[in-house]
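Trainee: Following this message is one structure expressed as structure tokens.
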Amino acid sequence: MKDNEPAPARRRNRRGEGRKLRDEIITAAVELLDEQGDERAITLRSIARRIGCAAPSIYAHFADSQAIMLAVVRQEFAQLTTAMRAAVADAGEDPAERLLAACHAYLDLARTHPGRYRIMFGGLWTPNMEGSISEADMDGLGMDALQVLIDALGDCVAAGRSTSTDLFSDAVALWLGLHGLAHQRAVIREFPWPEDIADRIIAALARLKNT
């Protein structure tokens with residue numbers, strides 16, 4: 001929908017359907033992000049036009065666009081965690097393969113949804129701590145996904161597949177390695193990346209042992 005097109009009429013929610021509008025707001029924000037690839041395209045006006053409601057009605061659920069972005073970030077981290085856990089569950093009995101699967105699920109999100117991935121780790125969106133978002137709101141973002149890496153790495157250690165002696169620190173190092181690769185792939189697309197570069201990074205940072 002273009003900015004100069006009229007918004008479609010939207011049926012007023014029945015009593016108890018407020019949650020539905022909140023979900024529609026988040027969905028609209030994600031759709032705009034996927035289409036435009038730029039967080040600055042997400043405004044109260046653009047979202048209102050997308051879902052066919054008056055912009056003031058959004059205030060019943062979100063104080064401002066930053067609050068909407070925070071909800072999107074939380075949703076995307078939850079979906080990332082779910083995808084990583086599913087990858088681990090589907091990878092079989094080998095703990096090293098389960099860790100690799102979790103890492104590749106992380107990289108798949110960055111590749112298939114670059115706009116969403118960027119806002120999860122900053123990008124053009126910088127929360128204004130003097131607005132509706134507090135530092136407490138930002139605490140813990142991404143920790144559940146990190147815990148998947150910690151648990152998978154711990155299984156590797158228990159099975160003698162990794163020499164890690166500090167699960168948290170090595171999992172953080174692994175996270176940073178994945179993030180660096182995801183970022184560089186996005187900004188240097190023509191570089192001849194080795195096909196196994198992800199597995200090389202994962203094996204090195206997770207201190208995996210050759211078998």
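The values are calculated or read from the model by the stated rules, or taken from the named source; none is laboratory data. Source: prediction; values computed, not measured. Methodologically, a virtual Cβ is constructed for each residue, glycine included, from the backbone with ideal geometry; neighbour enumeration extends over all protein chains shown.
Trainee: What pairs come up if the first residue lies in the stretch 185-208 and is assigned by TED's automatic domain parsing to the domain that holds R111, the second is polar (S, T, N, Q) and part of a helix (DSSP H, G or I), and their beta carbons are under 8 Å apart, counting only those six or more places apart or on different chains?
Mentor: F191/Q184
Trainee: Could you tell me whether the stretch 120-130 includes any residue that is among the hydrophobic types (A, V, I, L, M, F, W, C), touching a Pro at 6+ places or on another chain (Cβ under 9 Å) and under 28 Å from V30 (Cβ atoms)? Even if it seems obvious, please write down each step before you answer.
Mentor: Here is the first cut: in the stretch 120-130, the ones among the hydrophobic types (A, V, I, L, M, F, W, C) are 120-121, 124-125, 129.
Pick out the ones that are also touching a Pro at 6+ places or on another chain (Cβ under 9 Å) and you get none.
No; the residues of the stretch 120-130 include none that is among the hydrophobic types (A, V, I, L, M, F, W, C), touching a Pro at 6+ places or on another chain (Cβ under 9 Å) and under 28 Å from V30 (Cβ atoms).
Let's see how each residue does on (1) aromatic (F, W, Y); (2) exposed (fewer than 13 other Cβ atoms within 10 Å of the Cβ); (3) at pLDDT below 95:
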residue	(1), (2), (3)
L153	no, no, no
D166	no, yes, no
W175	yes, no, no
L178	no, no, no
Q184	no, no, yes
F191	yes, yes, yes
L205	no, no, no
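Trainee: Is it the case that the stretch 136-145 has a residue that's crowded, with 17+ Cβ neighbours inside 10 Å, at pLDDT 95 or above and over 10 Å from the mean Cα position of the chain (by Cα)?
Mentor: no
Trainee: Restricting attention to the stretch 2-42, and to residues there that are at pLDDT 55 or above and over 20 Å from the mean Cα position of the chain (by Cα), which single residue is farthest from Y117 (Cα to Cα)?
Mentor: From the stretch 2-42, those at pLDDT 55 or above are 17-42; that's our starting set.
Applying the additional criterion that residues be over 20 Å from the mean Cα position of the chain (by Cα) yields 17-21.
Working: E17: 30, G18: 28, R19: 25, K20: 25, L21: 24 Å.
My answer is E17.
Trainee: Which numbered condition trips up I201, out of (1) buried (at least 20 other Cβ atoms within 10 Å of the Cβ); (2) in contact with a Gly (Cβ under 7 Å, 6 or more places away or on another chain); (3) not polar (S, T, N, Q)?
Mentor: (1)
Trainee: Do we have any residue at all in the stretch 30-38 that's buried (at least 21 other Cβ atoms within 10 Å of the Cβ) and within 30 Å of A203 (Cα to Cα)?
Mentor: There is no residue in the stretch 30-38 that is buried (at least 21 other Cβ atoms within 10 Å of the Cβ) and within 30 Å of A203 (Cα to Cα).
Trainee: Just need a number here: residues in the stretch 91-111 that are of a type in the set (D, E, K, R) and farther than 16 Å from E76 by Cα.
Mentor: Taking the stretch 91-111 first, the residues of a type in the set (D, E, K, R) are 93-94, 97-98, 108, 111.
Remaining after also requiring farther than 16 Å from E76 by Cα: 93-94, 97-98.
The qualifying residues number 4.
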